[in-house]
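Single-structure report; data block below.
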There are 2 protein chains.
Amino acid sequence: MVTIYDVAKKTGFSITTVSRALNNYPDVSEKTKKLILEVADKMGYFPNSIARSLTMKKTFTLGVIFVEDLGIGMKHPFFSVVIEGFKQRAEKFGFDLVFINRFIGEDRKSYIDHAYYRGVDGVIVVCSHYDDPEVKKLIESPLPSVVLDVHSDQTNVIYSNNIYGCELAIDHLYSLGHQKIAHIAATDGSFTGKERLKGFGLALDKYGLTIDDSYIVNGGLFSYESGYNAMNRLLKLDDVPTAVFASSDTMAIGAIKAIKDAGLSAPDDISVVGFDDIELAQHITPGLTTIRQNAELMGRKAADLLINQINDEDEDFSTILLPVELIIRDSTKDITN
Amino acid sequence: MVTIYDVAKKTGFSITTVSRALNNYPDVSEKTKKLILEVADKMGYFPNSIARSLTMKKTFTLGVIFVEDLGIGMKHPFFSVVIEGFKQRAEKFGFDLVFINRFIGEDRKSYIDHAYYRGVDGVIVVCSHYDDPEVKKLIESPLPSVVLDVHSDQTNVIYSNNIYGCELAIDHLYSLGHQKIAHIAATDGSFTGKERLKGFGLALDKYGLTIDDSYIVNGGLFSYESGYNAMNRLLKLDDVPTAVFASSDTMAIGAIKAIKDAGLSAPDDISVVGFDDIELAQHITPGLTTIRQNAELMGRKAADLLINQINDEDEDFSTILLPVELIIRDSTKDITN
DNA sequence: CTGAAAGCGCTTACAG
DNA sequence: CTGAAAGCGCTTACAG
């Protein structure tokens, strides 16, 4: 590898001047700068980020923390899209992404220890449990961070307007004549799951519909299986709902499977609405009516927020609420006639 | 942050001894080691990976290079699974993942420059074009690497047994009575696409079926749209095939959509077989018959190969051929009666 | 078994 | 406008 010393020797200038020229400092003569840049380029020189990081105490590296129970990591249909948006934006600003886990080598460490170990300039926390103590510690630490799908005043947070999304879902179902509407919730440690349960209740209130406790079944996690199992419980009810609003698309897809397995049809017997609008939603049969979150935007905004925080330490923390929209496909049906 | 100097001062030993104790060197007395470890732990000390990397010229970091035309990056239904497998395995060995792109800050650089800039110990190249000059340069460089879905003698490579996969697909279709079998290929810069086209030809030969040129349509890229468009071309033929073998699941799903849009049915009018067995394959209707690649295994093997190469420079390069299997679902139909 | 010193490749006061 | 020197936090010969 060619180092700054090599460039210095070749050009006859000191490493100080070479460094300054390379970093485009103003106090270098144009002529010198031009020469140094040319030689550096010809020699194929570029700085060693490690050495640079050690002196500058800045790595131009962003940590990605992926907390989720399902263990699917990057295969996550929603968050992989978020991360991609985040990545593209971060790279524009010269930041590379590093995955941060709970280990350093073989030793169990906290996320925050790992983040300091790697010297990342900031972290994005994805898919977190609102009550994970390690995430809490991270949020309270001085390390710049942005957290998705959690609320906190102590760092930057971003989430979709879950409450409004629920209202859109119920508006839609109500307009199709549905009044017996059930909810498949996912409140195990999930902020969004809790929000959507709340939004469901508020939306029913809006139409003066009473909420039957048996119509709210907690699937626990946002998974296909939990949606499937929750739906089966609803199907066993004496008075089966005509519509189901699931807290996520994966759950909705599991629910539709349960409906089919019971010999019924969605939407002919039961209408189903999901939440997220993952890639799959448009490809299954019936196409899934759902509340779309803008995953890409969420990632991009997260990058902007985090990088701002890194560049300006005094920056106040932001809370960003992202818009959602209703996507009508074939899993919901008008039952007014 | 607490540094090795702090631990040295606190324990009364030199940083040399502290370093040795921390790294579990044999030539430190048990008593000393124990004391140092205790104090270090109590102080919340752990080494700074940046400083460590600078002296050791090793970062315990693996670069991920994601080359693909579709621009979907981490959302890729097949490769996101591969990466997840790779990640989990790499982390077990203490390596963290960093994404390598073609920029350093705002400046366009090659992958290899970026990899050196970040000092990664090795790279995995995913989804590459076999003829991408930058990938070629990378393969030929001394940087340890493992490349997926490409063949080369100059580095470690891993790919599924595409040829055999094609044979399985055609065996299946032939056994269902199909003889008019078309192929939707994806040969634009893709090794796997080319392999599968070859495998298709070999399999037809096996049954003495002649290959009609009009039955081979090159979709170009592995995308939904290209599958859709390719199928439309097949549907315009005077003698429409009874079965289609697509070079990937996404293409197969696009093809099925084209069949539906033409007012026909898969599998009643045309049977369709894909390749990959992505998550979606089991959820669409009809469930997609396909050739499964073991994406997770591909990722894990890649990590093993790469880490071996890093730890033992004299290690010979390996070529690993991964098994595939036929997954029969509902998109193929017996037409013998 | 332990320590003083050099060095990894940069950047940045400080001085001129 | 330019350079000598210190320092970032480690590891590793080298010496004892």
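Structure summary
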{"read-out": "Charged-residue dipole, Cβ positions (Lys, Arg, Asp, Glu), the stretch A:162-294 about Cα centre, Debye nearest 20", "value": "60"}
{"read-out": "Expected-Rg normalisation [2.2 N^0.38 Å, Cα atoms] applied to chain B", "value": "1.27"}
{"read-out": "FRET efficiency, 1/(1 + (r/R0)^6) with R0 35 Å, evaluated for A:Glu313 and A:Asp188 via beta carbons", "value": "0.50"}
{"read-out": "Paramagnetic reach from B:Asn24 in the stretch B:32-63 [backbone N under 14 Å; point 7 Å along Cα→Cβ]", "value": "B:34, B:37"}
{"read-out": "3J(HN,Hα) from dihedral phi, the stretch A:245-258, Karplus parametrisation 6.51/-1.76/1.60, rounded to Hz, x for glycine, proline", "value": "10, 9, 6, 7, 5, 4, 5, 4, 5, x, 5, 4, 4, 4"}
{"read-out": "The stretch A:4-47 - accessible surface per residue (Å², probe 1.4 Å)", "value": "67"}
{"read-out": "The stretch B:102-177: GluC sites (Glu not before Pro) falling in loop per DSSP and having at most 12 other Cβ within 10 Å", "value": "B:Glu106"}
{"read-out": "For chain A, calculated [θ]222 nm from helices alone, where every DSSP H run of n ≥ 4 adds -39500 (n - 2.57)", "value": "-12500 deg cm²/dmol"}
{"read-out": "Residues with amide H under 5 Å from that of B:Ser248, placed H, sequence gap 5 or more", "value": "B:Phe275"}
{"read-out": "Distances in nm from A:Lys260 to the matching label points in the other copies, shortest first (labels 7 Å along Cα to Cβ)", "value": "1.1"}
{"read-out": "Choice from A:Asp107, A:Asp149, A:Asp205 with maximal GNM fluctuation in chain A (Cα, 10 Å cutoff)", "value": "A:Asp107"}
{"read-out": "Anisotropy class of the protein assembly as shown from Cα gyration tensor, a/c 1.5 cut", "value": "oblate"}
{"read-out": "Amide H partners (placed H, <5 Å) of A:Leu97, local residues excluded", "value": "A:Leu62, B:Phe99"}
{"read-out": "Complex-versus-alone comparison for the stretch A:88-135, residues with a loss of 50 Å² or more in accessible area, probe 1.4 Å", "value": "A:Glu91, A:Asp96, A:Phe99, A:Asn101, A:Tyr116, A:Tyr117, A:Arg118"}
{"read-out": "Label point 7 Å beyond Cα along the C-beta direction, distances from A:Tyr25 to other copies (nm, shortest first)", "value": "3.6"}
{"read-out": "Per the axis that maps chain A onto chain B, nearest residue of A (Cβ criterion) and its distance in Å", "value": "A:Thr285, 2"}
{"read-out": "Within the accessible area of chain B (1.4 Å probe), percent carbon and sulfur", "value": "50"}
{"read-out": "Where the stretch A:160-235 is the region considered: accessible area per residue in Å², 1.4 Å probe", "value": "39"}
{"read-out": "Size-normalised alpha-carbon gyration radius of the stretch A:1-127, reference 2.2 N^0.38 Å", "value": "1.40"}
{"read-out": "The stretch A:38-52 - phi-based ³J(HN,Hα) in whole Hz, Karplus 6.51/-1.76/1.60, Gly and Pro as x", "value": "4, 4, 4, 5, 5, 7, x, 7, 8, x, 8, 4, 5, 4, 4"}
{"read-out": "Amide H contacts under 5 Å for A:Ile320, placed H, 5+ residues apart", "value": "A:Val157, A:Ile158, A:Tyr159"}
{"read-out": "Qualifying chymotrypsin sites (Phe, Trp or Tyr not before Pro) in the stretch B:229-330, DSSP loop, other Cβ atoms within 10 Å at most 16", "value": "B:Phe317"}
{"read-out": "Distance between the stretch B:85-105 and the stretch B:136-151 - C-alpha centres, whole angstrom", "value": "16"}
{"read-out": "Separation in nanometres of the label points that stand 7 Å from Cα toward Cβ, at A:Ile163 and A:Ile211", "value": "1.3"}
{"read-out": "For the stretch B:139-156, 3J(HN,Hα) per residue [Karplus equation, 6.51 cos²θ - 1.76 cosθ + 1.60, θ = phi - 60°, Hz, x = Gly/Pro]", "value": "4, 7, 6, x, 5, x, 8, 9, 10, 9, 6, 8, 10, 7, 8, 9, 7, 7"}
{"read-out": "Drop in accessible area of at least 30 Å² in the complex versus isolated chain, residues of the stretch A:1-28, 1.4 Å probe", "value": "A:Met1"}
{"read-out": "Listed residue (B:Ser214, B:Ile181, B:Phe78) projecting farthest to the positive dipole end of chain B, Cβ model", "value": "B:Phe78"}
{"read-out": "Mean Cα-pair separation over length for chain B, i.e. relative contact order, pairs under 8 Å, 6 or more apart, %", "value": "17"}
{"read-out": "Total accessible surface hidden between A and B, rounded to 100 Å², 1.4 Å probe", "value": "4300"}
{"read-out": "Sparse-neighbour loop sites [trypsin sites (Lys or Arg not before Pro); the stretch B:232-301; at most 12 other C-beta within 10 Å; DSSP]", "value": "B:Lys236"}
{"read-out": "Cβ-Cβ FRET estimate between A:Lys136 and A:Arg102, R0 fixed at 22 Å, reported to 0.05", "value": "0.90"}
{"read-out": "The stretch A:4-47, dipole about Cα centre (Lys/Arg Cβ +1, Asp/Glu Cβ -1), debye to the nearest 20", "value": "100"}
{"read-out": "Rounded to the nearest 20 debye, dipole of chain B from Cβ charges on Lys, Arg, Asp, Glu", "value": "1400"}
{"read-out": "Positive-end extreme of charge dipole, the protein assembly as shown - chosen from B:Leu237, A:Gln282, B:Ile104 (charges on Cβ)", "value": "B:Ile104"}
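The values are calculated or read from the model by the stated rules, or taken from the named source; none is laboratory data. Source: prediction; values computed, not measured. Here Cβ is always computed from backbone atoms with ideal geometry, including for glycine, and neighbour counts include all displayed protein chains. Just the protein is used for accessible areas: all its heavy atoms, side chains included, with ligands, DNA and RNA removed. Shrake-Rupley method; radii C 1.70, N 1.55, O 1.52, S 1.80 Å.
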